[in-house]
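Data first, discussion second: the structure below is written as structure tokens.
The values are calculated or read from the model by the stated rules, or taken from the named source; none is laboratory data. Predicted model only: the values in this text are computed from it and were never measured. Glycine gets a Cβ as well: all are built from the backbone with ideal geometry, and neighbour counts include every protein chain shown. The accessibility values were calculated without ligands, DNA or RNA, using every heavy atom of the protein model including side chains. Shrake-Rupley method; radii C 1.70, N 1.55, O 1.52, S 1.80 Å.
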Amino acid sequence: MPARVPVTFWHWAGFICVILVLLALDLGVFHRSSRVIKPKEALLWSAAWFFLAMLFARGLSVWRGPDESLEFVTGYFVEFSLSLDNVVAIALIFTSFGVAARQQHRLLFWGILGALVLRGTMIGLGATLIQTFRWVLYLMGVFLIFTGLKWGFSKQAAVSPANNPVLRLARKIFPVSSDCDGDKFLTWMNGRRALTPLALVLLMVETTDLVFAVDSIPAIFAVTQNAFIVFTSNIFAILGLRSLYFAMTGAIQYFRFLKAGLAGVLIFVGTKMLAAPWYAVPTSLSLAVVAAIIALSMGLSILAVQREKRT
């Protein structure tokens, strides 16, 4: 077996540059003008991102070995699963603000750029803490179990822009226009630069993503402590999921038991972290357990909706 190729700064830079080029093609070529994204197109884009993710996993298998490739696929699936709830939250945000369907792709695009920076910073900080203080892993495990239990007994909270501290701070610092100015995030009001309502929506999307990242990133550290694998699996997952958003929004009623399933995933990976000193759960088993939990929660959701339609 050939020696592993060490991960260097240039691999990080190359990956980020490729993602930025793909995003530039997405917004600058394929979605240059604001329009409604049809479900069929959304599914095709999601399939394209999934294909690229699996191609990257294949490259990892050759470049770094099959173990890291499996860690990437498992991390990808864990992040994708946990971010499904984020899709529901984003849909509620867009509904709360009355965002037009044609403007939603642009908002999600800029949201992904923000996620690249925020998640990259969180992953770098998390990896540094784990390397310096090994006990941080066990702290993450306890946090994930606690969060999983909280998710299991909570309902989807209503979106309340008035109670969002980031939006309140933004309104205090910047003037905010009451009307949108096309697809712009900034406009002129009384001779001054002002935020548009779309800018507030973008801030809320970013803060919501940050909240979800606090749960999902530690979960991937339960699979691997390799920061490069954590980051790349995270980014591929949210890119595919944001594309899938436009196909999923019409089927949110089928996510009834998703939150309970995600709670089960968090409890499982948290327990895996705490049990690591005594038993190392194989990555393949972790992938199978997470897939089974999500499949069960979605299957029960579909059955519940079909039962209601028959009554």
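Below are the figures for this structure:
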| item | result |
| --- | --- |
| Cα→Cβ-extended label distance, 7 Å offset, between THR271 and LYS309, nm | 3.4 nm |
| Where the chain is the region considered: accessible area per residue in Å², 1.4 Å probe | 50 Å² |
| Zone residues, segment 260-285, relative to ILE302, backbone N less than 19 Å from point 7 Å out along Cα-to-Cβ | 260-262 |
| C-alpha long axis of helix 101-132 to longest principal axis of the chain, angle in ° | 40 degrees |
| With every protein chain in place, segment 40-193: carbon and sulfur % of accessible area (1.4 Å) | 67 percent |
| Nearest-20 debye value, the chain charge dipole, Cβ charges on Lys, Arg, Asp, Glu | 600 debye |
| Residues whose placed amide H lies under 5 Å from that of MET189, excluding near-sequence neighbours | ALA194 |
| Surface share of carbon and sulfur [accessible, 1.4 angstrom probe, percent] for segment 221-303 | 74 percent |
| Cα-based helix-to-principal-axis angle, 136-152 vs the chain, degrees rounded to 10 | 60 degrees |
| Peptide ranges 47-53, 261-267 listed from the most packed, as the mean C-beta count within 10 angstrom indicates | 261-267, 47-53 |
| Over the chain - Rg/Rh using Cα atoms and the Kirkwood inverse-distance radius | 0.97 |
| Stretch gain in nm, segment ARG134-ALA101, where the contour uses 0.36 nm per residue and the Cα spacing is subtracted | 7.3 nm |
| Tail beyond 16 Å, pair distance distribution of segment 167-210 (Cα, percent) | 33 percent |
| Selection of chymotrypsin sites (Phe, Trp or Tyr not before Pro), segment 245-309, meeting DSSP coil and at most 14 other Cβ within 10 Å | TRP278, TYR279 |
| Selection from TRP12, TRP151, THR74 lying farthest towards where the dipole of the chain points positive, charges on Cβ | TRP151 |
